[in-house]
1. Return the pair list, or none, for Cβ contacts closer than 8 Å from residues in region 52-71 that are at pLDDT 95 or above and surrounded by fewer than 20 Cβ atoms within 10 Å (Cβ to Cβ) to residues that are in a loop (DSSP other than H, G, I, E, B) and among the aromatic types (Phe, Trp, Tyr), at least 6 apart or on different chains.
2. For region 89-107, does any single residue satisfy the condition of being more than 24 Å from TYR38 (Cβ to Cβ), surrounded by fewer than 13 Cβ atoms within 10 Å (Cβ to Cβ) and at pLDDT below 85?
3. Within region 121-130, is there a residue that is among the charged types (D, E, K, R), in contact with a strand residue (DSSP E or B) (Cβ under 9 Å, 6 or more places away or on another chain), under 21 Å from MET161 (Cα atoms) and touching a residue at least 24 places away in the same chain (Cβ under 8 Å)?
4. With respect to LEU157, is the statement that it is among the hydrophobic types (A, V, I, L, M, F, W, C), over 21 Å from TYR38 (Cβ atoms) and not in a strand (DSSP E or B) true?
5. Which condition from (1) more than 17 Å from the chain's Cα centre (by Cα); (2) more than 30 Å from PHE88 (Cβ to Cβ); (3) not hydroxyl-bearing (Ser, Thr, Tyr) is the one that LEU143 breaks?
6. Would you be able to say whether some residue in region 172-193 is touching a Gly at 6+ places or on another chain (Cβ under 9 Å), assigned to a loop (DSSP other than H, G, I, E, B) and buried (at least 21 other Cβ atoms within 10 Å of the Cβ)?
Amino acid sequence: MKYLFSRYGGQTFIIGKGRASAEKLPQDQSLDYLLDHYATEIIEKVFFISSYDALPEFMGAYEKLPLKAVKIGTVEHDFNDLFLQQDFKVETAIYVAIHSFTNVFALFIRTSSETLKFFLSDYKPSYDYVQTTFFRDVDTHNLRENPKLMEIMLLILFYKMEIHSSDFVFQASKTFLGKRISKEFCENVNALSKSIQSDADLKRLLKSY
């Protein structure tokens, strides 16, 4: 059985066409074109594409990481990517990679099967490319030197994952990038995410960064 997670392209379906959000995508789904003509500019010079809205051709599930990615953290959260009768928590690892340009970043998430196997016996974890973030004219795109960029990406991701309705815990990884995420962010991101109920809320929060 192949599971169609809510992290891919929204929830509404059009008969014979699939998910309604896919209708929003242009015919040219190359990275260059989508960044110029489709990506959302959430604040000035910060653009993103989320698979939770629609699924471009280069996003989705991968058996192996397609890019040289670095783990930046793990989030323990309620699993709401499938409609199941029982609520339960899972652990999702988050990876970041440069995608084609030094100021364009891909986020991959991989949800552990340890808990899911009790509900979905044939579930196979994958590396899910769920977010592209483009920083235009930022002073430095080096994530090690400018870790705030990772925090911006994570705030967008958690909003799109819709995990703010219940408590979640984010723990930065011990990689060279994970160590650059601030302790304050890790401690406060749950509360920060709870304040985001709309794109307008997200925009107001990101402006403070």
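The values are calculated or read from the model by the stated rules, or taken from the named source; none is laboratory data. Note that this is a predicted model, so its numbers are computed, not measured. Here the Cβ positions follow ideal geometry from the backbone for every residue, glycine too, while neighbour counts run over all protein chains shown.
1. VAL70/PHE176
2. no
3. Yes; the residues of region 121-130 include at least one that is among the charged types (D, E, K, R), in contact with a strand residue (DSSP E or B) (Cβ under 9 Å, 6 or more places away or on another chain), under 21 Å from MET161 (Cα atoms) and touching a residue at least 24 places away in the same chain (Cβ under 8 Å).
4. So LEU157 does not fit the description; no.
5. Checking LEU143 against (1) more than 17 Å from the chain's Cα centre (by Cα); (2) more than 30 Å from PHE88 (Cβ to Cβ); (3) not hydroxyl-bearing (Ser, Thr, Tyr), the one that fails is (1).
6. Yes - at least one qualifying residue is present in region 172-193.
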